Amino acid sequence: MAAILSSHPPNQTSVRAAATTPSSRLAHQLTLGSRPGLPLRPRTRSPCVQCIYRPDFSGKGAIGSSRADWLSTCAILSSKVAASKKQEETDKPAPGDGDSNKGIAGDEAGGKLSPIVPAVNGHISGSATLDLVPICNLPRALTISDLSPAPMHGSQLRVAYQGVPGAYSEAAAGRAYPNCEAIPCDQFEVAFQAVELWIADRAVLPVENSLGGSIHRNYDLLLRHRLHIVGEVQLPVHHCLLCLPGVRKEYLTRVISHPQALAQCEHTLTNLGLNVAREAFDDTAAAAEYVATNGLRDTAAIASSRAAELYGLQILADGIQDDSGNVTRFVMLAREPIIPRTDRPFKTSIVFAHDREGTSLLFKVLSAFAFRDISLTKIESRPHRNRPIRLVDDANVGTAKHFEYLFYLDFEASMAETRAQNALAEIQEFTSFLRVLGSYPMDMTPWNAPSSPSSASSPSPPL
């Protein structure tokens with residue numbers, strides 16, 4: 001595609017004929033945008049633009065070879081010609097003024113140069129320019145890195161957790177990813193969805209407690225969502241009895257907190273002489289917030305010392321958990337798995353199911369790990385929601401009903417090790433479903449368990 005400026009509508013015959021005479025050759029040089037050797041005043045006739053559609057033209061600097069580009073360029077050049085005509089009439093000297101030799105070459109003699117329209121599409125041969133948006137100024141297309149950057153070493157990571165500020169899950173998120181941006185979620189499933197929808201980069205959720213056992217809801221969500229376990233963190237739990245400032249324990253009629261927190265402090269509350277009602281709440285920090293927001297002077301909450309600082313509550317009793325070895329295990333979830341390694345202790349979590357074997361399935365699974373000297377750290381069974389009951393025909397007994405289960409299992413080995421790969425390959429032969437939830441580094445950080453409180457007057461030091 002090309003654009004040519006001429007004093008009259010050109011065609012192939014006129015262009016070839018014009019090149020035969022000296023004056024025609026001079027005009028032809030003007031047509032191509034070059035300057036002649038002899039000074040010559042430009043013509044005053046109205047110029048016209050002819051855009052030649054050349055799909056085969058693809059020179060450097062060309063705008064494009066499509067018909068849309070051709071039409072756009074014609075419109076741009078036409079507007080430039082009109083502007084050049086107006087500028088030429090404005091800068092035209094009055095009769096008798098100036099030297100007749102000041103024309104196109106007048107820039108070297110002190111005169112003004114009439115604008116020259118580009119002779120070829122995309123190539124500038126004069127002072128006129130195309131008002132096109134530079135490529136560098138066009139908006140850049142969004143990429144995955146724009147939606148969720150991957151900061152280094154956990155800095156500025158957006159980490160989702162269940163609860164409100166002051167919850168133990170927030171403390172676990174801060175321990176797993178220091179200096180992260182913690183994002184509170186009202187439900188466990190919301191934290192899963194926050195990572196899947198790129199609202200958060202990671203999620204830190206509890207899966208088991210040393211006293212209360214497994215948190216079944218999160219095990220079910222691990223199977224429902226396609227997130228990967230990339231790490232774990234073990235957080236010692238240190239419960240405190242919180243109330244409004246100035247409230248004494250004799251004024252209390254009820255205690256609210258998470259069901260597991262209430263169960264973990266049952267004996268201590270009794271030893272404190274508190275004959276109060278226990279009411280379950282969504283989470284520990286939310287209970288503390290509820291007491292502070294509503295000004296409840298007859299209600300106490302079981303939560304962390306950080307929740308007392310955030311919501312302006314006083315600690316009526318510190319370290320009220322029944323067992324000093326109260327630890328909650330959290331897992332870190334991400335959209336992509338990490339590459340397993342062998343230079344440090346790793347743990348691998350899997351889930352599997354079967355639809356044919358009976359109790360011998362567990363024996364075969366345990367044998368596959370025992371034969372390779374792989375230690376198991378956890379095994380958990382959950383009902384198969386899609387197939388809760390399986391019917392088995394037996395001619396002697398009749399029709400028996402068996403419950404269908406999914407088995408969650410953790411073992412101490414990395415998927416980069418050959419023994420772990422061989423063990424899973426053997427298990428896959430007699431299971432109908434097998435999925436690796438993640439292979440991740442074990443939390444080897446030592447923690448100091450607080451001493452068991454003997455009374456309210458001698459509480460354990462806070463963590």
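The values are calculated or read from the model by the stated rules, or taken from the named source; none is laboratory data. This structure is a prediction, so every number in the text was calculated from the model and none was measured. For neighbour counting, all protein chains shown are included, and Cβ atoms are generated from backbone atoms with ideal geometry for every residue, glycine included. The accessibility values were calculated without ligands, DNA or RNA, using every heavy atom of the protein model including side chains. Shrake-Rupley method; radii C 1.70, N 1.55, O 1.52, S 1.80 Å.
Accessible surface area normalised per residue over region 251-344 is 46 Å², counting heavy atoms of protein chains with a 1.4 Å rolling probe.
Decide, for region 187-332, between rounded, prolate and oblate: order the square roots of the alpha carbon gyration tensor eigenvalues as a ≥ b ≥ c, take rounded if a/c falls under 1.5, and otherwise choose prolate if a/b is larger than b/c, else oblate. Prolate, since a/c reaches 1.5 and a/b exceeds b/c. Amide H contacts under 5 Å for residue 378: 410, restricted to partners 5 or more places along the chain or on a different chain, H placed in the peptide plane at 1.01 Å from N.
Ordering 188, 433 from largest to smallest accessible area (1.4 angstrom probe), what's the sequence?
Values: 188 45, 433 75 Å².
Largest to smallest exposure gives the sequence 433, 188.
Each residue of region 268-274 was assigned a 3J(HN,Hα) from its phi angle through the Karplus curve 6.51 cos²θ - 1.76 cosθ + 1.60 (θ = phi - 60°); the sequence is 5, 5, 5, 5, 6, x, 8 Hz, with glycine and proline shown as x.
Here the calculated FRET efficiency for residue 428 and residue 279, from their Cβ-Cβ distance with R0 = 56 Å, stands at 0.75, rounded to the nearest 0.05.
Where the convex hull is taken over the Cα atoms of region 214-274, what is its projected area averaged over directions, in nm²? Don't skip to the end; give the middle numbers.
On the way: hull surface 25.6 nm².
Result: a mean projected hull area of 6.4 nm².
Each label was represented as a point 7 Å from its Cα along the Cα-to-Cβ direction; for residue 263 and residue 412 these points are 2.7 nm apart.
What separates the Cα centres of region 236-251 and region 167-181 is a distance of 24 Å. Modelled label positions at residue 248 and residue 175, each set 7 Å beyond Cα in the direction of Cβ, lie 3.7 nm from each other.
So if each residue of separation counts as 0.36 nm, and I subtract the Cα-Cα distance between residue 362 and residue 198, what length gain in nm does that give?
Here the segment from residue 362 to residue 198 would lengthen by 55.2 nm.
Considering only Cα atoms, the convex hull volume of region 159-269 works out to 123 Å³ per residue.
A Förster radius of 25 Å, combined with the Cβ-Cβ distance separating residue 190 from residue 379, puts the computed FRET efficiency at roughly 0.30. Using a probe of 1.4 Å on the protein chains alone, the accessible area found for residue 335 is around 50 Å². Residue-wise HN-Hα couplings along region 322-332, as the Karplus relation 6.51 cos²θ - 1.76 cosθ + 1.60 with θ = phi - 60° gives them from phi, are 5, 10, 6, x, 8, 10, 10, 9, 10, 10, 9 Hz; Gly and Pro carry x.
Tell me whether region 260-338 comes out rounded, prolate or oblate; compute the Cα gyration tensor, take square roots of the eigenvalues as a ≥ b ≥ c, and use a/c under 1.5 as the rounded threshold.
Working: a/c = 2.29, a/b = 1.47, b/c = 1.56.
Because a/c hits 1.5 or more and a/b fails to exceed b/c, region 260-338 counts as oblate.
Can you tell me the length gained on complete extension of the stretch residue 336 to residue 372, counting 0.36 nm per residue apart and subtracting the Cα distance? Computed gain between residue 336 and residue 372 is 10.1 nm. Modelled spin labels at residue 225 and residue 309, positioned 7 Å past Cα toward Cβ, are 2.8 nm from each other. Of the GluC sites (Glu not before Pro) found in region 157-228, none is in coil by DSSP with at most 11 other Cβ atoms within 10 Å of its Cβ.
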